[in-house]
Amino acid sequence: FSFGEVERIVSEELGMRMSRAFQEFDSTPTAAASLGQVHRAKLRSGRAVAVKVQRPGIRDRILKDLEFLQGMAEFLAKHTEFGQRLGVEEMLDEFRRSLLRELDYRMEARHLAVIGANLKHLPPIVIPAPVDDYVTPRILTMDFIPGTKITDLPPLAIVELDRAALAEVLCEAYLQQILVDGFFHAD
(Lines give C-alpha, C1' and ligand atoms only; values in the text may rest on other atoms or scores of the structure.)
Protein backbone atom coordinates (compact mmCIF):
# COMPACT_ATOMS: atom_id res chain seq x y z
CA PHE A 1 0.00 0.00 0.00
CA SER A 2 1.09 3.57 -0.54
CA PHE A 3 3.49 5.51 1.63
CA GLY A 4 0.77 8.11 2.11
CA GLU A 5 -1.34 5.42 3.80
CA VAL A 6 1.68 4.41 5.91
CA GLU A 7 2.13 8.01 7.05
CA ARG A 8 -1.55 8.36 7.88
CA ILE A 9 -1.70 5.12 9.88
CA VAL A 10 1.55 5.75 11.78
CA SER A 11 0.50 9.33 12.63
CA GLU A 12 -2.97 8.23 13.76
CA GLU A 13 -1.65 5.35 15.83
CA LEU A 14 1.20 7.25 17.49
CA GLY A 15 -0.73 10.50 17.92
CA MET A 16 2.00 12.57 16.29
CA ARG A 17 3.43 13.34 12.87
CA MET A 18 5.78 10.69 11.57
CA SER A 19 8.54 13.28 11.22
CA ARG A 20 8.29 14.01 14.93
CA ALA A 21 8.49 10.34 15.93
CA PHE A 22 11.25 9.29 13.54
CA GLN A 23 14.51 10.83 12.39
CA GLU A 24 14.30 8.77 9.19
CA PHE A 25 11.60 6.55 7.69
CA ASP A 26 12.17 4.63 4.46
CA SER A 27 9.24 5.11 2.11
CA THR A 28 9.93 1.80 0.34
CA PRO A 29 8.88 -1.26 2.33
CA THR A 30 11.58 -3.86 3.00
CA ALA A 31 8.97 -6.61 3.32
CA ALA A 32 5.27 -7.09 2.75
CA ALA A 33 2.77 -9.76 3.75
CA SER A 34 -0.96 -10.26 3.84
CA LEU A 35 -1.53 -8.28 7.06
CA GLY A 36 1.01 -5.50 6.68
CA GLN A 37 4.34 -4.25 5.46
CA VAL A 38 7.64 -3.39 7.13
CA HIS A 39 9.67 -0.20 6.74
CA ARG A 40 13.16 0.60 7.98
CA ALA A 41 13.36 3.68 10.15
CA LYS A 42 15.50 5.48 12.69
CA LEU A 43 14.19 6.83 15.96
CA ARG A 44 15.11 10.35 17.09
CA SER A 45 17.68 8.70 19.39
CA GLY A 46 19.41 7.20 16.33
CA ARG A 47 18.25 3.64 17.11
CA ALA A 48 17.68 1.64 13.90
CA VAL A 49 14.22 0.05 13.86
CA ALA A 50 11.82 -1.89 11.70
CA VAL A 51 8.24 -0.60 11.69
CA LYS A 52 5.49 -3.06 10.82
CA VAL A 53 2.37 -1.23 9.63
CA GLN A 54 -0.96 -3.00 9.28
CA ARG A 55 -2.73 -2.78 5.93
CA PRO A 56 -5.54 -0.23 5.84
CA GLY A 57 -8.95 -1.85 6.22
CA ILE A 58 -7.56 -5.35 6.72
CA ARG A 59 -9.48 -5.92 9.97
CA ASP A 60 -12.84 -5.13 8.33
CA ARG A 61 -12.03 -7.37 5.36
CA ILE A 62 -11.07 -10.23 7.65
CA LEU A 63 -14.22 -9.81 9.74
CA LYS A 64 -16.35 -9.96 6.58
CA ASP A 65 -14.51 -13.06 5.39
CA LEU A 66 -14.97 -14.69 8.81
CA GLU A 67 -18.69 -13.88 8.70
CA PHE A 68 -18.95 -15.60 5.32
CA LEU A 69 -16.97 -18.61 6.60
CA GLN A 70 -19.25 -18.79 9.66
CA GLY A 71 -22.26 -19.22 7.39
CA MET A 72 -20.50 -21.97 5.46
CA ALA A 73 -19.40 -23.72 8.67
CA GLU A 74 -22.95 -23.64 10.04
CA PHE A 75 -24.28 -25.06 6.80
CA LEU A 76 -21.67 -27.83 6.74
CA ALA A 77 -22.30 -28.69 10.39
CA LYS A 78 -26.08 -28.92 9.87
CA HIS A 79 -26.19 -30.62 6.50
CA THR A 80 -23.13 -32.84 6.10
CA GLU A 81 -21.61 -35.72 7.98
CA PHE A 82 -18.21 -34.28 7.10
CA GLY A 83 -19.03 -30.98 8.84
CA GLN A 84 -20.37 -32.70 11.93
CA ARG A 85 -17.53 -35.21 12.18
CA LEU A 86 -14.77 -32.63 11.82
CA GLY A 87 -16.35 -29.98 14.03
CA VAL A 88 -15.98 -27.25 11.43
CA GLU A 89 -17.64 -24.63 13.64
CA GLU A 90 -15.18 -25.29 16.46
CA MET A 91 -12.26 -25.20 14.01
CA LEU A 92 -13.48 -21.88 12.66
CA ASP A 93 -13.84 -20.48 16.19
CA GLU A 94 -10.21 -21.35 16.95
CA PHE A 95 -9.07 -19.93 13.61
CA ARG A 96 -11.05 -16.71 14.31
CA ARG A 97 -9.47 -16.25 17.76
CA SER A 98 -5.99 -16.88 16.40
CA LEU A 99 -6.41 -14.53 13.43
CA LEU A 100 -7.87 -11.71 15.53
CA ARG A 101 -4.91 -11.99 17.94
CA GLU A 102 -2.60 -11.64 14.93
CA LEU A 103 -4.29 -8.33 14.12
CA ASP A 104 -3.19 -6.82 17.45
CA TYR A 105 0.51 -6.03 17.12
CA ARG A 106 0.73 -5.41 20.89
CA MET A 107 0.42 -9.19 21.29
CA GLU A 108 3.30 -9.75 18.88
CA ALA A 109 5.40 -7.21 20.82
CA ARG A 110 4.74 -9.13 24.06
CA HIS A 111 5.73 -12.36 22.32
CA LEU A 112 8.99 -10.80 21.12
CA ALA A 113 9.81 -9.75 24.67
CA VAL A 114 9.02 -13.19 26.12
CA ILE A 115 10.97 -15.09 23.48
CA GLY A 116 13.88 -12.66 23.76
CA ALA A 117 14.04 -13.32 27.51
CA ASN A 118 13.62 -17.07 27.07
CA LEU A 119 16.42 -17.34 24.49
CA LYS A 120 18.87 -14.79 25.91
CA HIS A 121 21.20 -17.64 26.93
CA LEU A 122 21.73 -18.42 23.21
CA PRO A 123 23.78 -15.42 22.00
CA PRO A 124 23.84 -16.49 18.34
CA ILE A 125 20.03 -16.11 18.31
CA VAL A 126 18.97 -12.47 18.13
CA ILE A 127 15.38 -11.51 18.88
CA PRO A 128 14.46 -7.91 18.03
CA ALA A 129 13.26 -6.00 21.07
CA PRO A 130 10.01 -4.06 20.69
CA VAL A 131 10.02 -0.29 21.23
CA ASP A 132 7.10 -0.10 23.66
CA ASP A 133 6.30 3.59 23.10
CA TYR A 134 5.90 2.87 19.38
CA VAL A 135 3.70 -0.23 19.59
CA THR A 136 -0.06 -0.02 19.03
CA PRO A 137 -2.67 -2.47 17.72
CA ARG A 138 -1.68 -1.52 14.14
CA ILE A 139 2.00 -0.54 14.51
CA LEU A 140 4.87 -2.70 15.73
CA THR A 141 8.24 -1.01 16.07
CA MET A 142 11.21 -3.21 16.94
CA ASP A 143 14.97 -3.27 16.65
CA PHE A 144 16.18 -3.58 13.09
CA ILE A 145 18.44 -6.63 12.86
CA PRO A 146 20.73 -6.39 9.83
CA GLY A 147 21.51 -9.58 8.02
CA THR A 148 22.00 -11.30 4.71
CA LYS A 149 19.68 -13.88 3.20
CA ILE A 150 21.49 -17.15 2.82
CA THR A 151 20.48 -17.15 -0.85
CA ASP A 152 22.38 -13.86 -1.30
CA LEU A 153 25.66 -15.23 0.07
CA PRO A 154 28.44 -16.03 -2.39
CA PRO A 155 29.08 -19.77 -2.81
CA LEU A 156 32.40 -19.60 -0.93
CA ALA A 157 30.74 -18.03 2.11
CA ILE A 158 28.13 -20.80 2.14
CA VAL A 159 30.83 -23.46 2.01
CA GLU A 160 32.67 -21.80 4.90
CA LEU A 161 29.57 -21.64 7.12
CA ASP A 162 29.73 -23.86 10.19
CA ARG A 163 26.42 -25.45 9.36
CA ALA A 164 26.67 -28.01 12.17
CA ALA A 165 27.01 -25.26 14.80
CA LEU A 166 24.19 -23.28 13.20
CA ALA A 167 21.92 -26.34 13.12
CA GLU A 168 22.76 -27.11 16.74
CA VAL A 169 21.88 -23.64 18.03
CA LEU A 170 18.68 -23.50 15.96
CA CYS A 171 17.65 -26.93 17.21
CA GLU A 172 18.37 -25.88 20.80
CA ALA A 173 16.28 -22.73 20.33
CA TYR A 174 13.31 -24.66 18.94
CA LEU A 175 13.51 -27.32 21.64
CA GLN A 176 13.75 -24.62 24.31
CA GLN A 177 10.62 -22.96 22.95
CA ILE A 178 8.58 -26.12 22.44
CA LEU A 179 9.66 -28.44 25.27
CA VAL A 180 10.87 -26.14 28.02
CA ASP A 181 8.99 -22.85 27.65
CA GLY A 182 5.84 -24.11 25.92
CA PHE A 183 5.92 -20.86 24.01
CA PHE A 184 6.77 -21.02 20.31
CA HIS A 185 7.08 -18.33 17.65
CA ALA A 186 7.24 -19.49 14.02
CA ASP A 187 9.23 -16.45 12.84
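A few notes on this one:
- Taking the criterion of being modelled with pLDDT of 95 or more, open to solvent by 30 Å² or more (accessible area, probe 1.4 Å) and among the small types (Gly, Ala, Ser), the residues of region 28-56 that qualify are SER45, GLY46, ALA48.
- Scanning region 143-167 for residues that are outside any loop (DSSP other than H, G, I, E, B), of a type in the set (Asp, Glu) and over 26 Å from MET16 (Cβ atoms) turns up ASP152, GLU160.
- Matching residues, region 61-89, being polar (S, T, N, Q) and either open to solvent by 60 Å² or more (accessible area, probe 1.4 Å) or assigned to a loop (DSSP other than H, G, I, E, B) (or both): THR80, GLN84
- Any hit, region 158-167, residues being of a type in the set (A, V, I, L, M, F, W, C), at pLDDT 90 or above and surrounded by 14 or more Cβ atoms within 10 Å (Cβ to Cβ): no
- Applying the condition of being of a type outside the set (A, V, I, L, M, F, W, C), at pLDDT 90 or above and within 30 Å of LYS64 (Cα to Cα) to region 102-134 and asking which residue is surrounded by the most Cβ atoms within 10 Å (Cβ to Cβ) yields TYR105.
- Residues that are assigned to a loop (DSSP other than H, G, I, E, B), open to solvent by 50 Å² or more (accessible area, probe 1.4 Å), of a type in the set (Ser, Thr, Tyr) and modelled with pLDDT of 95 or more do occur in region 20-27.
- Index of the failed condition, ALA41 passing every other in (1) outside any helix (DSSP H, G or I); (2) in contact with a helix residue (DSSP H, G or I) (Cβ under 9 Å, 6 or more places away or on another chain); (3) free of Cβ contacts under 8 Å to residues at least 40 places away in the same chain: (3)
- For beta carbons closer than 7 Å, sequence separation of 6+ or different chains, a first residue in region 22-36 that is farther than 19 Å from LYS149 by Cα and a second that is among the basic types (Lys, Arg) and assigned to a strand (DSSP E or B), the qualifying pairs are PHE22/LYS42; GLN23/LYS42; GLU24/LYS42; ASP26/ARG40; GLY36/LYS52.
- Residues considered: LEU99, LEU140, LEU170, LEU92. Of these, the only one that is outside any loop (DSSP other than H, G, I, E, B), open to solvent by less than 80 Å² (accessible area, probe 1.4 Å) and at pLDDT 95 or above is LEU140.
- Residues of region 2-18 classified as assigned to a helix (DSSP H, G or I) and either among the β-branched types (Val, Ile, Thr) or farther than 24 Å from PRO146 by Cβ (or both), total: 11
The values are calculated or read from the model by the stated rules, or taken from the named source; none is laboratory data. Here the structure is a predicted model, which means the values were calculated and not measured. Because the Cβ atoms are built from the backbone with ideal geometry, glycine has one as well, and the counts that use them run over all protein chains shown. Remember, those area values only see protein heavy atoms, side chains included, never the ligands or the DNA or RNA. Shrake-Rupley method; radii C 1.70, N 1.55, O 1.52, S 1.80 Å.
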